[in-house]
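Heads up, the thing below is written out as C-alpha cells.
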Amino acid sequence: MKKRKIARFAAVLLTLLLAGCSSVQPAAQTDASPAPESSTSDVTETESEAETETVSVSTSGPIDEASLTLKKKDEYTDYTGAVEVDLSNPADAAGVSVSGSVITITADGTYVLTGTLADGQIIVDAGDAADVRLVLENAALSSSDSAPIYAKNADKVILSLPEGTESRITDSVTGMDGEEELSAAVYSVCDLTVNGSGTLYVTANANDAITTKDDLKLNGAKLVLTAADDGIVGKDSVQIFDGTIDITAQGDGIKSTKAEEDKGFVYIGGGVLTVDAGCDGIQAETSALISGGELNITTGGGSANAAVKTGNDRFIGWQNSASDTDAPSEKGVKAQTYLEITGGTLTLDTTDDSIHCNDTIMVSGGTITAQSGDDGLHADSYLEISNGSVTVLKSYEGIEASEIVVNGGEIDVAAQDDGFNAAGGADGSSMDGRPGQNAFAGDASKSLTFNDGTVTVDAGGDGLDSNGTLTINGGTICVSGPTDSANGTFDSGTGFTVNGGVLLGVGSAGMMETPGEDSAQNVVIVSGSGQAGSTVEIRDAAGSVLVSWTVPKSFSVVTFSMPEITVGETYAVYVDGTQAASAECTGVVTGGAGGMAGGFDRGGGKGGFMDPGAQKPGGMPEKPSAAGGLFGVGQAQ
C-alpha cells in the first residue's frame, strides 16, 4: 500500500473557515486554567480527579479516545440536602441572591430548581473555582430579554435532570452582559455538563439552544432542542457519552468552533442523536471521532432537496457563481482536519456531502448508511476504509478523495456520476468549485487502491475513477459502470493494474479502459450483454461458478479477473443461465481497450470496443437489489 502522505499545517488551519451558516458566535476570550474541585461540592473527588483534565487532540490528527474521561461530578448522583429554589416564589438563601426576577447563584454546591420562572433569569456567578450543580426538577424558565440560564463565572456548571421529570427553557431574544453576547437559551462561559435521565426541552427563538465557550459534556438525559440557529455549541469541544438528543435547528446541529491544539473537536461515543439541521449536522473545527452511538442526521431538507446535477457537469465543470459561493454548508458530519469513525450507526440524508473532511477520513468500524445530494464520503486529501459497513444509497459521486485506500469492510455505492473518484481537492460546496472533472489528464499524486474488502458499485458515470493510478490488489469488487459512451467502468489517468482479488465489471464499451500489461493477475474482457436484474456468472471450463452477481443495469462488456484465471484455459460468461460469451485466456490481458470514438486509447490492453448507440442514463441508478449477492470464488449459486 502506498504510504500516506498527508500535509497538515496548523497555520493554514487557523486561517481557514468552515462554511457554516451561523452568523452569531460568542466573542473570543482568553481561556483560564480550571481551578481544583471545591471541597464543599456534594460529590467527593480524589486528588487525581480534581486535577486539570488533559485531552490529547491534535489540530491536524486523531482524537485519543482514552484521554476523554468523565469525572465524578459529570456523573448523576442523588441530591439530598441540596439548596431548594422555588422559581415561582424565589427567596434569598445560602448561596442564592434574588433581585426581582433574577436569581443569582453565588457559591458552589447543589441547587434544586422547581416551579416556574415566567420571565426571569438564573445567573451562576460563584467564582472561578466553583462547581455548581443545578438540578432541574420539573422547572420552567423563560426570558423575554436574555438567556434564561447564564453561567457567568464558575469552573463547571452541571445541569442534572432527575428521572421522570420534564423541564423547559425558552428564550425570545439574544441577551447582552456588557460585551458578552448571550447567544443561547442556556449560555455558559465555563465548562458545562448535562446528566441524568429526565427530559429537558429547550426552545431557542433567538439563536442557539445550548452554548458553552469551554467544554460541553453530555452524559445522559433526554434533550429536545429547537433552535433558530445552532442546536449545541461547545467552543472548546463537544463530548457526547450518553443520552437521547433530538435537535431541530435552522443552523448547525452540533458544532465546536475553536481552531487550537486540543480544542475545536467533536467526540461521540454513545447515545442516540437525531439531528434535523438547515446547515451542517455535526461540524468540528479540528477533528471528529465517532466510536459509538446511534446517529440519524438530515441536513438541508435531505438529499431530495439537493440541486439537480447533469452529466454535463463532468465536462464543463462547476460554475462558481456568487450564489454557489454564498450557499450554506449542508453536510452531515464535517471536520476540518481529521474525521475518524470506529463504531456506531450513522444514518444520513443530506443535501451536501454526507461525511466530509477537508483533509483525512478514516473508517475502521461502524455502520454508515448515506443518501447524499453530492458525495457520500468526501476527503480533500486521504480517505481509508479498513472495516465496518459503508452503504451509499444515493449520491452524485459515491466516495471521493485525492488518495483512496480500501483495506477491508463491506462497501456498497450507488452514484449518479462516479462510484469511486480519486480526484481530490476541495469539494464544490465548500471551497473552490467541484474537483474531479477528469479532463483526460493524468495526475500521479492521485490514487485509488483496493487491498481487501467486499465492494459493489452502481455508477452512472465511471465506476472506479482515478486521475492517477487505479490498483486492485485484493478483495471482491463488482462494478456496474455506465450505459452511455461517455464514461467507463474503469478509468485511470496514469495506469490501471490488477494484482489480485476478485474483479467483475460490467458496463458500456465506448470509453472502456482495460488493465495494463504490468498487472500481476490475468484479466479477461469479452463482449456480452444483459439487462438490469440479470445474473452474471463467470464459469471455468468445468462449469464451476467463480463469481456471480445480479447486476443493477444493462451492459455490453464484461471484465473479470481472479486468481484462478490461467493462460490457456477457457472461461465463459453466463447471463441468466445462458452462455453469452467465452474466451480463452491468452495472456495477462485478454481482450481490448476502449477509446473515445474507438480511437482514444486509454488502457493497457489491445483492440477496441464501441457502443455508439448507447444512451446516457436518465438519472440516479437504482441500488442493487437484495438478489444481487456475491458468491465467493469456487462457490456455485
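Computed from the coordinates by the stated procedures, all read-outs in this text should not be read as laboratory data. Just so we're clear, the structure is a prediction, and the values are computed from it rather than from any experiment. With ideal geometry, Cβ positions are generated from the backbone for all residues, glycine too; neighbour counts draw on all protein chains shown.
Observations, loosely collected:
- Dipole magnitude for region 473-582: about 220 debye, using +1 per Lys or Arg Cβ and -1 per Asp or Glu Cβ, origin at the Cα centre.
- In this structure, the pairs whose alpha-carbon distance is over 29 Å, taken from 71/331; 72/213; 156/258; 156/331; 334/446; 258/394, are 71/331; 156/331; 258/394.
- Whole-Hz ³J(HN,Hα) from phi, Karplus 6.51 cos²θ - 1.76 cosθ + 1.60, for region 577-591, glycine and proline x: x, 10, 5, 9, 6, 8, 7, 8, 6, 10, x, 4, 10, 10, x
- Each peptide in 87-95, 503-511 was scored by the mean count of other Cβ atoms within 10 Å over its residues; highest first, the order is 503-511, 87-95.
- Descending by average beta-carbon neighbour count within 10 Å, the peptides 369-376, 246-253 line up as 369-376, 246-253, the highest first.
- Distance between modelled label sites at residue 80 and residue 119, nm, 7 Å Cα→Cβ extension: 4.1
- Ellipsoid semi-axes for region 344-419, based on the Cα gyration tensor and the rule √(5λ), read 16, 14, 11 Å when sorted largest first.
- The Stokes-Einstein estimate for region 455-572, based on a Kirkwood radius over Cα pairs and taken at 10 °C with 1.306 mPa s viscosity, is a diffusion coefficient of 113 µm²/s.
- Shape analysis of region 519-559 yields a ratio of the Cα radius of gyration to the Kirkwood radius, Rg/Rh, of 1.00.
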